[in-house]
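To keep things clear, I will list the structure first and then write my remarks on it.
The values are calculated or read from the model by the stated rules, or taken from the named source; none is laboratory data. Note that this is a predicted model, so its numbers are computed, not measured. For neighbour counting, all protein chains shown are included, and Cβ atoms are generated from backbone atoms with ideal geometry for every residue, glycine included. The accessibility values were calculated without ligands, DNA or RNA, using every heavy atom of the protein model including side chains. Shrake-Rupley method; radii C 1.70, N 1.55, O 1.52, S 1.80 Å.
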Amino acid sequence: MLHPCIVKPLHNLMASGINGAKLQILIYHRVLERKDPLQPGEPDTAEFAWQMAILARYFNVLPLEEALLALQNDDLPPRAAAITFDDGYADNLYLALPILESNRLHATIFVAPGYLDGGIMFNDRIQESLRHYSGPTLDLSELGVAGHLALHDSPSRRAAINAVINAIKYLAPAARAEAASKVVELTGSVLPKDLMLSTAELQTLGAAQVTIGAHTMNHPILATLDDQ
């Protein structure tokens, strides 16, 4: 198992082979230039660099596809690990990739291409809207969020962001997008257009020692969709 300090800022999935071989799959989303109080689970570059140095020194880090094949064939090396990123944030290219390359580590990045070229996912629409809203409270009861949301400091903003995301996350994709747009409208926010990769940036990643994987087109909750 990884040391708890290593896995704290990221998701960690353990896959077991037929004969008990273990594969650690580290699941990141972003690497930030500096710590963000609204995203305490996302590592900054210093933290990510430290984690990658530990992985490079003490683990056998494999491309995910190669690792899964070795797991299936019961041929994993000891302390096997794979590194993945979800969604397709631009910082995967500009901040994460140089650190990966300096440690000679491979990663797989699962991209939702509906957000390329200036798109922004619903959760980020909520987060960035509430990050910059200047009022001390916000009434989003029409979206099913109870009470006036306090926004007087970073912990209260983070709690408000979680409350809104949880209220709309499992709506049908069109309804979820409409609800997120309503939050943007009510807060008068101007959203960033460079959070996600552009097509050209994705192609740059694809030319590096990175595997590009599929993460659905627009990141729906699959359990809410019919089979078709």
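Apply the Karplus curve 6.51 cos²θ - 1.76 cosθ + 1.60, θ = phi - 60°, to the phi angles in region 52-63 and return the couplings in whole Hz, x for Gly and Pro.
5, 5, 5, 4, 4, 7, 10, 10, 9, 8, 10, x
Carbon and sulfur together cover what percent of the accessible area of region 81-228 at a 1.4 Å probe radius? Write down the numbers at each step before the final one.
Numbers: 3920 of 7290 Å².
So the carbon and sulfur contribution to the accessible surface is 54 percent.
Applying the Karplus parametrisation 6.51 cos²θ - 1.76 cosθ + 1.60 with θ = phi - 60° to the phi angles of region 72-85, what ³J(HN,Hα) value in whole Hz is obtained for each residue in order, glycine and proline being reported as x?
My calculation for region 72-85 gives 5, 8, 6, 10, 6, x, x, 6, 6, 8, 9, 10, 10, 10 Hz in order.
Calculated FRET efficiency, Asp117 and Glu33, Cβ-Cβ r, R0 35 Å, to nearest 0.05?
Working: r = 22 Å, r/R0 = 0.62.
With R0 = 35 Å, the Cβ-Cβ based efficiency is 0.95.
Looking at region 11-135, send over the antiparallel percent of its DSSP beta bridges, to the nearest 5.
Working: 6 of 20 bridges.
In region 11-135, approximately 30 percent of DSSP beta bridges are antiparallel ones.
For the chain, what does the helix formula give at 222 nm: sum of -39500 (n - 2.57) over DSSP H segments with n ≥ 4, over the residue count, nearest 500 deg cm²/dmol?
Numbers: 8 runs with 83 residues, N = 228.
Calculated mean residue ellipticity at 222 nm is -11000 deg cm²/dmol.
For Met196, what residues show an amide H to amide H distance below 5 Å, using hydrogens built from the backbone and excluding near sequence neighbours?
Those lying under 5 Å, H to H, from Met196 are Ala90, Gly118.
Once amide H atoms are placed 1.01 Å from N in the peptide plane, what residues at a sequence separation of 5 or more from Tyr28, or on another chain, have their amide H within under 5 Å of its amide H?
Distant-sequence amide H within range of Tyr28: Thr84, Phe85, Asp86.
³J(HN,Hα) across region 218-228 via Karplus (A = 6.51, B = -1.76, C = 1.60, θ = phi - 60°), whole Hz, x for Gly/Pro?
Calculated HN-Hα couplings, in order: 10, 6, x, 7, 4, 5, 8, 9, 7, 4, 5 Hz.
Just the number, please: percent antiparallel of the DSSP beta bridges in the chain, rounded to the nearest 5.
Working: 10 of 29 bridges.
Roughly 35 percent of the beta bridges in the chain run antiparallel, per DSSP.
Bin width 5 Å, alpha-carbon pairs only: give the P(r) of region 88-138 as whole percents, running from 0 to the bin holding the largest distance.
The percentages, shortest bin first, are 5, 15, 19, 18, 14, 12, 10, 4, 3, 0.
For Thr137, enumerate residues with amide H under 5 Å from its amide H, sequence gap 5+ or separate chain, H modeled in the peptide plane.
Distant-sequence amide H within range of Thr137: Leu151.
Once you mark the trypsin sites (Lys or Arg not before Pro) that are in a DSSP loop and have at most 15 other Cβ atoms within 10 Å, what is the longest gap between them in the chain?
Numbers: sites that count: Arg34, Lys35, Arg79, Arg104, Lys169, Lys193.
Excluding the exposed sites themselves, the longest stretch runs over 105-168.
Send over a whole-number figure in Å² for the accessible area per residue of region 96-143, probe 1.4 Å.
Numbers: 1990 Å² over 48 residues.
That works out to 41 Å² per residue.
Within region 172-206, find all residues whose amide N lies under 11 Å from a label point positioned 7 Å from the Cα of Ile221 along Cα-to-beta-carbon.
So the set is 172-173, 176.
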